1. I'd like to check something: does the range 81-97 contain any residue that is over 30 Å from residue 355 (Cα atoms), touching a strand residue (DSSP E or B) at 6+ places or on another chain (Cβ under 8 Å) and open to solvent by 20 Å² or more (accessible area, probe 1.4 Å)?
2. Condition check: under 18 Å from residue 440 (Cβ atoms) and acidic (Asp, Glu). Does residue 166 satisfy that?
3. Take the range 183-198 and flag every residue that is in contact with an Asp or Glu (Cβ under 6 Å, 6 or more places away or on another chain) and buried (at least 24 other Cβ atoms within 10 Å of the Cβ).
4. Looking only at the range 344-380, which residues are open to solvent by less than 20 Å² (accessible area, probe 1.4 Å) and outside any helix (DSSP H, G or I)?
5. Look at the range 94-120 and say how many of its residues are without any contact (Cβ under 8 Å) to a residue 60 or more places away in the chain, farther than 18 Å from residue 63 by Cβ and not hydrophobic (A, V, I, L, M, F, W, C).
6. Might you check whether a residue that is out of contact with any His (no Cβ under 6 Å at 6 or more places or on another chain), more than 25 Å from residue 107 (Cβ to Cβ) and small (Gly, Ala, Ser) occurs anywhere in the range 173-193?
7. Could you look through the range 210-231, keep only residues that are touching a helix residue (DSSP H, G or I) at 6+ places or on another chain (Cβ under 8 Å) and farther than 19 Å from residue 142 by Cα, and pick out the one that is least open to solvent (accessible area, probe 1.4 Å)?
8. So, in the range 395-422, exactly how many residues are in a helix (DSSP H, G or I) and surrounded by fewer than 20 Cβ atoms within 10 Å (Cβ to Cβ)?
Amino acid sequence: MDSSAPAKHPQPPVGFVPTPSARYRQHRKAAQLLDQPGHPRPLAGPGSASPSEARMPAEPYASGARVLMWKQDPSVDEIGTRKAFLPGVVLAGPRDARIVLASSEPGIPPVEPNAFGDFVTMPDTPQFDAVHTFAVVRQTLTMYQRALSTAGNPMPLPWHWNSATDTAPLQVWPYGLPNVMNAYYSRTQACLKFGDFVPNGATARVYTCRSFDIVSHETGHAVLDGLKPQWLHAGNPPQTGGLHESFGDLTAIFLALSQLDQCEAVIAQTKARLHDKTFLADIAEQFGLALGSTTGLRNADNDLTLSQAGTEVHAISQVFTGAVYDILADVFALERDPALEDCASVLHRVAGWLRGLLLRALIAAPDAAASFADVANEMLRIAAEDGKPQAVVNAIRDRFAQREVFGVPAGFASDHPAGLRLAPLVTDAPGARQDRRACCGTMNLAEYYDVERVLQAEADALARWCAEHGRPGAPLAAPLALATVTVTDDSGAAVGTTAVVHLPAPDKRAAPPALPLPDGPQPATP
């Protein structure tokens, strides 16, 4: 065959071959996110479910719901949006017994589940933001309840306002603070509110509700406030405020590590060395970038000590967070054995134990004015009671000692004796006040500063001055009398009752107040 002869079906130049546009590829990627699996398997007949599946409840909401959510901040491209499963009952809103999405302005209309009972919606829409925010709050609460149940202390983790007669849920407002560069938890409003804003020099709006870290951080404040109601008040020593802020940041880290796909991403990114650069240690990356930072709002992998932090709660919190992050890395390194167990599985397991250890230590700490040493000593005690190896207990002690939380007596530099409580090394000065200016919105709400007492003191001082300078004010009005009167029809039959207020008789001796008259001729007095 003559190779020089023209082919019967010549190939056109590559440039002439139509290729999908970037816009079309983006459309296909979004459409694939919304794809649903096939219909459920029948309970009987060919292709039927297994006996264990057949025993599952047949109610439409009993098997939980799938959601599409951000698994990290939107700026963490390697994680992005992924499907997740919420095993509990989730109704339109979304809502459940403990969490409800606010639907009044400036809320988002309730999101209805699709035909499969799932909440899989298109990203960058209000409906997606509502589902994502609910999912992170729900996962956070579930994570800590599981931590206590695993340790043999199951409890529902009440919100601050819950009681035997008040089981009201936490309200969540994804768009609760329009054009506000903030987010907060409020106990008086029984809610979480998230802001949105356009950074300087940018055109795209940043939604704090889309941040996995920010939503879990604020939910952490709500969880801890339900357990330790006095800790959130600004009148506590600075270290108590640092514990609250640190718990929020650690909640974001622990929630990420409660999900195997994120554990796998961390292991792949760091080659199983947690002190290498990783998205896990950066808290709220997108928000930090919007404020001009090169990383997130805070860095969990730091070397700060208490003597360097002063009274600024933002800095103090990073001392405690950094110590716990070091403990996580140490215990992971001690228990890691790639020949026996996958590294991501070890990280997932170690983080699960450590978050339970921290939560139990916080519960056991004093109800007011708690210090870092209070919580660290409880962590040492509980770790020993859990039967952890001596190397793990020593790691907890050494990491807090490096942060100047407590000092290690001479002679105990090797194994930590069981039951030994260590004295604080760096303490808050007597009467030291918290500096919360760099903290999240929660820590800066007026309701935690006892501002109403200050305002009332100023009003009381004004009343005393008026009383002392001839302004006693009018006497209190006589109390109103309330009576119930039966209403009858024309025949005299009773048709209902109504309440009637009897006003006190006017004092005929008191002259009516004089009213100013306009200038000019005055009307004659009759």
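1. Start the filter on the range 81-97 by keeping residues that are over 30 Å from residue 355 (Cα atoms), which leaves 92.
When the remaining residues are screened for being touching a strand residue (DSSP E or B) at 6+ places or on another chain (Cβ under 8 Å), the result is 92.
Okay, now just the ones that are also open to solvent by 20 Å² or more (accessible area, probe 1.4 Å), so 92.
Checking the range 81-97: at least one residue is over 30 Å from residue 355 (Cα atoms), touching a strand residue (DSSP E or B) at 6+ places or on another chain (Cβ under 8 Å) and open to solvent by 20 Å² or more (accessible area, probe 1.4 Å).
2. Details: under 18 Å from residue 440 (Cβ atoms): no; acidic (Asp, Glu): yes.
So residue 166 fails the test.
3. 183, 185, 192
4. 365, 370
5. Looking only at that region, the number is 5.
6. Applying the first criterion (out of contact with any His (no Cβ under 6 Å at 6 or more places or on another chain)) to the range 173-193 yields 173-184, 186, 188-193.
Those still in the list that are more than 25 Å from residue 107 (Cβ to Cβ) too: none.
No: zero hits.
7. In this case the residue turns out to be 231.
8. The number of residues fulfilling the criteria is 3.
The values are calculated or read from the model by the stated rules, or taken from the named source; none is laboratory data. Please read these numbers as outputs of a predicted model, since none were measured by experiment. Note: ideal-geometry Cβ built from the backbone for every residue, glycine included; neighbour counts use all protein chains shown. In case anyone asks, the SASA skips ligands and DNA or RNA and just uses the protein heavy atoms, side chains included. Shrake-Rupley method; radii C 1.70, N 1.55, O 1.52, S 1.80 Å.
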